[in-house]
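Enquirer: Here it is, the structure, as C-alpha cells.
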Amino acid sequence: MRNDQYWNNEGAKKVFTHPICSAWVASLDRQTSILDLGCGYGRLTPALMKDGFSMIVGYDSSAALIKRAIRENPGAHYTSNWAALLDTSFDLILCFALFTSCPSSEEQRELVSLIDACSHQNALLHISDYETGDNPNYQDRYEQRRLNTFGCFASGNAIFRHHEDRHFDRLLTNWRKKEERTLHSTTLNGNNIIIHQYLFAKAGGPY
C-alpha cells in the first residue's frame, strides 16, 4: 500500500475515531464471521465482542499496528497475510477509513477484488470513510489533486483521499447500497470532520 511507511511509524501511534453503526449489525447472528479489513490496532474488536460477536479476523498491512492490536485489543485473530484471507468467506466486512488511506485507483480496485473474493453471496459490507461534499472546509486540500485526483491530498508523509459523491456506488459494482449516514467526528490530528458511512449488500443476495 502507498502509505505503508506512514502506518508502520507515525500512523501506528494515532487514535482512530470511526464508530460502528450498531443499528446496522444489531440483527446479525452472533456467529457471523467478521473481517475487519484495515483493522489498525484492533479498536473495533472490543465493541464487536461486547455485542456478542466472537468470530473476528483483523487484517492490516502494518506490522506495527498488528503488534499494537494484539497487545491492546486481544480477542480477534490478527494477521498481515493478505493471501490467508482468501481461505475464508466472510459474512460481514468492515472497511473503516481504509479507502482514504489507499488513495490510488489501482489500490482501491485491488481492495474491491479482495472484498469480492473473501465474501459470500449474502455478505454485508460496512464502510466508514469521507466524501468531499460533506467537508467544504477541506476544499483547499482537495484542490491539491495528488495522483491527479480531486480530493486527494498530502498530510505529513502520507497521501489521503476523500471521495466524490457516489464514488463507492461506482467502485463496488458487485454490491448494492442499503443504508448511509453522516456523523461528526475528528481526524487523526484532532480536527473536526464529517464521516460518511455506508452499508452495502452483495448483489445476488437478499436486499
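Enquirer: Could you tell me whether segment 122-129 includes any residue that is in contact with a Lys or Arg (Cβ under 7 Å, 6 or more places away or on another chain), surrounded by 18 or more Cβ atoms within 10 Å (Cβ to Cβ) and of a type outside the set (A, V, I, L, M, F, W, C)?
Expert: Within segment 122-129 (the criterion being in contact with a Lys or Arg (Cβ under 7 Å, 6 or more places away or on another chain), surrounded by 18 or more Cβ atoms within 10 Å (Cβ to Cβ) and of a type outside the set (A, V, I, L, M, F, W, C)), the answer is no, since none of the residues qualifies.
Enquirer: Is it fair to say ILE127 is among the aliphatic types (A, V, I, L, M), out of contact with any helix residue (DSSP H, G or I) (no Cβ under 9 Å at 6 or more places or on another chain) and under 19 Å from THR32 (Cα atoms)?
Expert: no
Enquirer: Here's a follow-up. Does segment 65-76 hold any residues that are outside any helix (DSSP H, G or I) and either surrounded by 14 or more Cβ atoms within 10 Å (Cβ to Cβ) or touching a Gly at 6+ places or on another chain (Cβ under 6 Å) (or both), and which are they?
Expert: Residues satisfying the conditions are ASN73, GLY75, ALA76.
Enquirer: Ok, one more. Of (1) touching a residue at least 40 places away in the same chain (Cβ under 8 Å); (2) more than 15 Å from the chain's Cα centre (by Cα); (3) under 23 Å from SER185 (Cβ atoms), LEU44 satisfies all except one. Which?
Expert: Among (1) touching a residue at least 40 places away in the same chain (Cβ under 8 Å); (2) more than 15 Å from the chain's Cα centre (by Cα); (3) under 23 Å from SER185 (Cβ atoms), LEU44 violates only (2).
Enquirer: Scan segment 50-64 residue by residue and report those that are touching a Ser or Thr at 6+ places or on another chain (Cβ under 9 Å) and in a helix (DSSP H, G or I).
Expert: ALA63
Enquirer: Same structure, new question: Do any strands (runs of 3 or more DSSP E) lying entirely in segment 79-177 carry at least 1 residues that are modelled with pLDDT under 95 and within 16 Å of PHE200 (Cβ to Cβ), and which ones are they?
Expert: Here the list reads 119-129.
The values are calculated or read from the model by the stated rules, or taken from the named source; none is laboratory data. All values reported here derive from a predicted model rather than from experimental measurement. Reconstructed Cβ throughout: ideal geometry from the backbone, glycine too, with neighbour counts over all protein chains shown.
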